[in-house]
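Q: Attaching a single structure in structure tokens format; questions to follow.
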Amino acid sequence: MTVPPGLTAAVADGTATVTIANPARRNAMTPAMWAALPGLLAPLAADPAVRVLVLTGAGDTFCAGADISGFTDAAGLRAAQEAAVAAEEALASFPKPTLAAVRGHCVGGGCQLAVACDLRFAAESATFGVTPARLGIVYPASSTRRLVRLTGPATAKHLLFSAELIDHERALRTGLVDEVWPPGALAARVRDYAALLATRSRLTQHAAKDFTADPPAPGREPYWSAQAAASPDPLEGATAFLTRRPPRFTWTPDGTSPPDGAA
């Protein structure tokens with residue numbers, strides 16, 4: 001896999017770890033990084049060895065937003081925002097469980113990426129903010145809707161109206177993050193949780209991602225009912241439970257596309 005500058009990808013024990021690495025700008029996403037992320041995610045989505053995706057930042061920060069230092073005109077800003085939305089959508093539509101592991105600043109475009117993940121585990125050092133109001137930028141409609149679904153309209157409005165940064169306690173209370181850990185414990189929790197997900201049924205996980213997608217597309221339930229009927233996983237799961245042994249799930253995507261682009 002060709003790794004674009006500013007992003008690294010590594011696969012081990014069923015977990016793909018994508019790391020945002022732009023230390024000179026506190027891991028801010030450059031236009032090239034936004035543009036490269038969908039292409040980086042695509043082979044990981046297709047790789048049967050990848051069961052879980054973890055998105056994190058290098059060092060002690062997640063991502064301080066979008067690097068806008070090189071922009072001199074409105075057209076460049078619009079193009080960068082379009083690339084950011086495309087990257088966010090590629091992450092949101094990744095067909096396997098995704099987890100953001102957040103340390104330090106998770107602001108602007110960084111928060112946009114974290115919200116696009118299925119789950120967010122944060123260190124107590126984490127700070128969150130959605131900051132377009134500082135720059136006079138209209139936050140993308142799709143990103144706004146995703147933030148509202150996660151935190152509710154009141155918290156989303158607070159973040160968008162004020163561009164105020166919030167700490168890990170408020171992020172946890174409002175649903176922006178799912179778990180908070182001491183900085184020294186976060187990596188182990190993320191590793192253990194990813195390993196746990198890798199033991200679970202892919203059939204269940206893929207269908208769950210599809211059913212919880214928003215907006216939903218028609219035709220999903222018949223597709224997944226047929227997949228379940230043809231898979232040995234349900235019987236294997238029940239047998240393993242009754243005999244008190246770990247299940248050996250074998251379902252994998254069969255290469256056919258679910259109706260209307262389901263995962």
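Q: Using only alpha carbon positions, build the gyration tensor of the range 127-216, then give the equivalent ellipsoid semi-axes as the square roots of 5 times its eigenvalues, largest first, whole angstrom.
A: Three semi-axes, in Å: 28, 20, 10.
Q: Of the labelled options (i) 32, 20, 18; (ii) 32, 20, 15; (iii) 28, 21, 18, which one gives semi-axes √(5λ) of the Cα gyration tensor in Å as computed for this structure?
A: It is the value labelled (i).
Q: Just report the Cα centroid separation between the range 125-162 and the range 49-114, whole Å.
A: 14
Q: Mind listing the long-range amide H neighbours of Thr30? Cut-off is under 5 Å, sequence gap 5 or more, other chains count too, H placed in the peptide plane at 1.01 Å from N.
A: Asp67
Q: Let me ask you something else. Given the options Ala226, Ala42, Ala32, which has the most mean-square fluctuation in a GNM of the chain, springs set between C-alpha atoms less than 10 angstrom apart?
A: Comparing Ala226, Ala42, Ala32 in the GNM, the peak value goes to Ala226.
Q: How large is the convex hull of the Cα atoms of the range 136-175 per residue, expressed in Å³ as a whole number?
A: Here the figure is 63 Å³ per residue.
Q: Arrange the following residues from fewest to most other Cβ atoms within 10 Å of their Cβ: Arg120, Arg200.
A: Arg200, Arg120
Q: Give me Cys117, Cys63 sorted ascending by neighbouring Cβ count inside 10 Å, so fewest comes first.
A: Ordered by Cβ neighbours within 10 Å, fewest first: Cys117, Cys63.
Q: Okay, moving on. Please say if the range 38-108 is rounded, prolate or oblate, where rounded means a/c under 1.5 for a ≥ b ≥ c the square roots of the C-alpha gyration tensor eigenvalues, and otherwise the choice is prolate for a/b larger than b/c and oblate otherwise?
A: Verdict is oblate for the range 38-108.
FYI, it's all coordinate maths here, none of it is from the lab. Just so it is clear, the model here is predicted, and its values are computed rather than measured. For neighbour counting, all protein chains shown are included, and Cβ atoms are generated from backbone atoms with ideal geometry for every residue, glycine included.
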